Amino acid sequence: MSDQKIPEQIEVLLRCDQQLLFIQDVLQRSEISNSLQCELQEQMRSQWQKHENKRQKIQQEKIPNLAEFTTEQYAICDRHLRDSISIYISKIAHCIDSHRERVSQKIRTELFSVTSEDALK
């Protein structure tokens, strides 16, 4: 080999090295890009699954016939209200009867304990 060919060969080798480095860089970026795409797809699948779960939950809780549901709920509330009123009426009646009995008993006791006509006045 001549001394002139050595610089040319070195230049060719350097260009080849640069090209190899460039190709390596492109491949590495491609791998990173593929990795990022895979990660992005996984995140999108996860988000889609969360969205789908929420959609199914909403669908399950959806009231198919609002008018019928409202009527049923009104009837349930009406029944509870009537039951509560009935209980309180019963308690009030018992309280009134108890009070009436005590007052009647007190009046009888007072009447029968009277010893004179003046005490009745």
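Sequentially through the range 8-22, phi angles give Karplus couplings (6.51, -1.76, 1.60; θ = phi - 60°) of 5, 5, 5, 4, 5, 5, 5, 4, 4, 4, 4, 5, 5, 4, 5 Hz, Gly and Pro residues having no value and appearing as x.
Determine the per residue accessible area of the chain with all protein chains present and a 1.4 angstrom probe, expressed in square angstrom.
98
Taking every lysine pair in the chain that is 8 or more places apart or spans two chains, those with Cα atoms closer than 27 Å amount to 4. The fraction of accessible area contributed by carbon and sulfur in the chain is 58 percent, rounded to a whole number (1.4 Å probe; ligands and nucleic acids excluded). Here the alpha carbons of the chain define both size measures, Rg and Dmax, at 48.6, 160 Å.
For the range 75-86, 3J(HN,Hα) computed residue by residue from phi via the Karplus equation (6.51, -1.76, 1.60; θ = phi - 60°) reads 5, 4, 4, 4, 5, 4, 5, 5, 4, 5, 4, 4 Hz, glycine and proline entered as x.
The values are calculated or read from the model by the stated rules, or taken from the named source; none is laboratory data. All values reported here derive from a predicted model rather than from experimental measurement. These area figures cover heavy atoms from the full protein model, side chains too; ligands, DNA and RNA do not enter into them. Shrake-Rupley method; radii C 1.70, N 1.55, O 1.52, S 1.80 Å.
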